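Just below is one structure, and these are the notes that go with it.
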Amino acid sequence: MRCKAFLGIVAAIILSLITAQCVYSQDFARHTPNFPYTRGPSAEDILKNTTILSILKELINGSASYREAIENLERLGAIDHETAGRLAAAFGATGDEVLGRVGDPQLNEMIEMLKEGSLDIEELKSILQYADQLYSLGIIDVQDYTSLLNALSDLYRERGLVVPPDITSRMYSMLELLIEAKTPLPLETLPQSVPSLPNIEGSASSAPLSFPQAPPLPSIGTPAQLDLSVVLAVSMAALCIPLALLLRGRMTTTCFHRMYRGFRSVGRRAEPVGEGSLDPIAIYWMAVRHVERLSKVRKVESATHREYLGTVGKLVNPSTYTMFTRITQLYELYRFGFRRDSGILDEAARVYSRMVEGYG
Amino acid sequence: MIKKFIYLSHAAYCKVQNAVSFVKEVLRILVDGGILIEKEYEIRMVLACLLARGHALIEGVPGVAKTYTAKSIARLLDLNFKRVQMTPDLLPTDIIGFYIYDQKSGEFRLRKGPIFTNILLVDEVNRASPRTQSALLEAMQERQVTIEGTTYMLEEPFVVLATQNPIEMEGVFPLPEAQVDRFLVKLTTGYPTHSGFVKLLKSIREIESAIESLKPVITKKQLLEEMERINEVRVDDSVLDYIASIVEETRSHPAVRLGGSPRAGIAILRLSKAWAYMEGRDYVSPDDVKAVAKPALVHRIILRPEYEMQQVSSSRVVEDVLAKVKVPAP
C-alpha cells in the first residue's frame, strides 16, 4: 500500500516536471516585464504584432524582399536591431543557403534551369508547385519554404523584373500562417466565391447569388497551443493518482464518478436538442461548433454565415453540408429576415439533431 | 432530402419574385444569350444602381462594351437611352439644353439636351471641362435642370452611366472628390478572357443585330413600381451597425487619407437593399453588404501618397477593411 503511494507521488513529481518543461518551452508571458532570465521573443512572436505585419506586407507588396523589408522596418524604428536580426536569421536565408539546407537535387536542378533561362513563368510555377509539395509533405519547414520564396523573388528583382504574384501571394500566406490566421489573407491568395444558398424562400425560381469575389477566409485550423488551463488540468490529474491510491474506497469512487459525469455533460453539448428548446440562432452556433470540429476550420469573426458555408463545403461530408446549409438558411431568415415562425424553430432543431446524430 | 418551407407571406413572396423574374430575364437574354459576354457582374450592378436610384461611374479602357451594356439594358427595360461624348469644348447647354429663337412663331423654343432621358451614357466624363461636369453632376444630384430660370424635372427613372479611361493622363479634368462621391457605384470593367474573346469574335454580327432587336421585358411603369418596393426591404439594426463599422474602419485604415463619408454608408445601404431585392429577399443580410461595399466605396477613399506609390489600390483597402470588420454576431 505504502509502496504504491510512494510510486504514485514519484509519478506526480515526474509529471509536474514534464509540465514545467512544457511551460518553459512554450515561453508563456510573465507578469513582470523584463523578468530576468526570460527568453527573447521568437520570430513568430514578433510577427504576431499586426502593425509590423502590415508594414511588412506593404513593403513586400512594393519591391522589397523579406530581408530588405526587415531592414526598412529597422530603419523606420518599428523594430530594434536585435529583432531585425532574429527575423532576418529566421526567414532571410539566401538561395544557396536554403538549397543547401533542403538538399533536394530536383529542386536544385529546377532552380538552376530557371536561373539559366529568362525566368520563365511556367518554370517558376512548376518550381513553386514542387516546393508546395515538399512543404505540405513536411520535407521542408516553414522557414525554409519562406526563405525559398524570398530567394526566388530576389532572382526576379536582381534582373529588374516584377516579382510574380505566384510568389508574393505565397509569401503573404506564410505571413498569415505565422500569425495563426489572425489577419485574413489578401484576395489574390485564396480566390473564392460566396456560395449561393439554394433559394431560402423555398422557391426554385430565385436567382442564385453570384457575388464578384468575396473576401477570402483563412482556412487554417486553430493551432494547438498549450494553455495554462491544460497545464493545471494535467497537474491536477497527476495529483489525483496518489490520492486515488491512498484513499481507494467509496469517497474516491464518488469523486471519480462525479468527474465522469462532468465530462459526460461536456460531451453532451453536441448532442441532439429537443425541438423548440433553443432558438435558431443558438442552434446555428452549435452547428457551427460541430462543423468546426469536423472540418477543422474555424469561423472567423469577419466571415459571414454564407462565406463560412462556402469554406467548409468541400471539407465535410455531403449530408452534413446539406443539413448545415439548411440550418444556415434558417438562421439567416430568423436573424436577419425578421421571421419568427415556429416552423423555423422546429425545423432548425430537427435538422441539427439529424446532423449531430450523423444521419443523411 | 430536407423539406423546404416558405416562411414568407404570399404578398411579400409575390413582390420579391417580380424583381427576381425581371432580373433573371435580363440576365438570360444578355448573358445566357451571348449578347454581353462575361458582363454579368456589370449588368447586375447597373440594375442594382438603377433600382437604388443611383448613378454609376464605369472605368474601363475603350472597346469593352460599356455602351452596349447601357444600350441593351435600356432597351430591355423600355427606357430611353442617349449618349454624350464629352470633349473639353462641350458646354453645359449642350447637355441640359437651351432656348432657341423660332423664326416662324417668333418665340423662343426649348431645345432639350440629351439629359432628358432615362439612361444617359456619358462617355469619357473626365474629358469635359469642370464647368460642364458640374452642370451634369448637379442634374444627377437634384434630378432637375434649370434653363433660363425655369426648372424642369427629369423623368424617372434617371440614371447616368459615366465612363472614364483609367490610363488617360493628358487633356483630362479629373473629377473632384466631392463630385465623384455623387456616383453611387464605381465599376471597373476589363477585357474578356481569351475564350470569351473568341466567342465574341465568332458571333459579333449576331450580337450587333440582337441588340437592335431587343424587346422590353418590363414596362417603365412596372420598373418604377419595383423601385418603390426597394424601400420595403427591411434591414436589421445589426446590419446597419455593420455598415457603419465598415465605413468607420475606412477612416482609420493606415493607408487611407480620407475615408468614407456618411453618404458612403447611405450608398451601401441603398445598394444592399437593391441587391437583396434582386436576389429575391425582402431583408438585407451581411452578404449583401459585402457584395456591394467594394463598388460603393472604392471611389470615395483617398489613399496616402506613400501607399499609392506602392501600388496599393482603394479596392484592396476595401477588401482589407471587409476582412477586418466583424460581421453581426451571434
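The values are calculated or read from the model by the stated rules, or taken from the named source; none is laboratory data. Small disclaimer: the values here were computed from a predicted structure and weren't measured. Cβ atoms come from the backbone with ideal geometry, glycine included; neighbour counts cover every protein chain shown. Protein only, heavy atoms only, side chains kept; ligands, DNA and RNA dropped before computing areas. Shrake-Rupley method; radii C 1.70, N 1.55, O 1.52, S 1.80 Å.
Worth a mention:
- Inter-site label distance for B:Lys220 and B:Glu155 at 7 Å from Cα along Cβ, in nm: 0.3
- Stretched out straight at 0.36 nm per residue, the stretch from A:Asp132 to A:Arg289 would grow longer than its current Cα-Cα span by 53.5 nm.
- Peptide packing: for A:66-75, A:299-308, the average count of neighbouring Cβ atoms within 10 Å per residue gives the ranking A:299-308, A:66-75, highest mean first.
- Rounded to 0.05, the FRET efficiency of the A:Asp141 and A:Leu76 pair, given R0 = 30 Å and the Cβ-Cβ distance, is 0.55.
- Efficiency of FRET from Cβ geometry, B:Arg131 and B:Asp32, R₀ 35 Å, rounded to 0.05: 0.20
- Greater than 21 Å apart at Cα, pairs in B:Lys186/B:Lys273; A:Lys299/B:Lys273; B:Lys215/B:Lys273; B:Lys39/B:Lys326; A:Lys125/A:Lys314: A:Lys299/B:Lys273; B:Lys215/B:Lys273; B:Lys39/B:Lys326; A:Lys125/A:Lys314
- Using R0 = 35 Å, the C-beta based FRET efficiency linking A:Asn317 and B:Leu200 works out to 0.25.
- For chain B, hydrophobic long helices are taken as DSSP H runs at least 20 Å long by C-alpha position along their axis with mean Kyte-Doolittle hydropathy of 1.0 or more; none is present.
- Annotation for A:Ile14 and B:Glu148: the two label points, set 7 Å from Cα along the Cα-Cβ direction, are 10.5 nm apart.
- Computed extension gain for A:Ile281 through A:Glu158, at 0.36 nm per residue and net of the alpha carbon distance, reaches 38.8 nm.
- For region B:89-177, share of DSSP beta bridges that run antiparallel, in % to the nearest 5: 70
- Of B:Asp237, B:Asp78, B:Asp102, the residue with the largest accessible area leads and the full order is B:Asp237, B:Asp78, B:Asp102 (1.4 Å probe).
- Potential extension, B:Glu232-B:Ser105 segment - 0.36 nm per residue separation minus Cα distance: 40.8 nm
- Split chain B at each of the GluC sites (Glu not before Pro) in a DSSP loop with at most 10 other beta carbon atoms within 10 Å, and the longest piece is B:171-330.
- Proximal aspartates and glutamates to B:Lys66, defined as alpha-carbon separation beneath 13 angstrom and excluding residues fewer than eight positions away on the same chain: B:Glu38, B:Glu40, B:Glu42, B:Asp123, B:Glu124
- Once divided by 2.2 N^0.38 Å, the Cα radius of gyration of chain B becomes 1.05.
- Overall, the accessible surface of region B:36-125 at a probe of 1.4 angstrom is composed of carbon and sulfur to the extent of 51 percent.
- Here the relative contact order of chain B, from alpha carbon pairs under 8 Å that lie six or more residues apart, stands at 21 percent.
- Exposed loop sites are taken as trypsin sites (Lys or Arg not before Pro) in a DSSP loop (any state but H, G, I, E or B) with at most 10 other beta carbon atoms within 10 Å; the longest stretch of chain B without one runs B:105-330.
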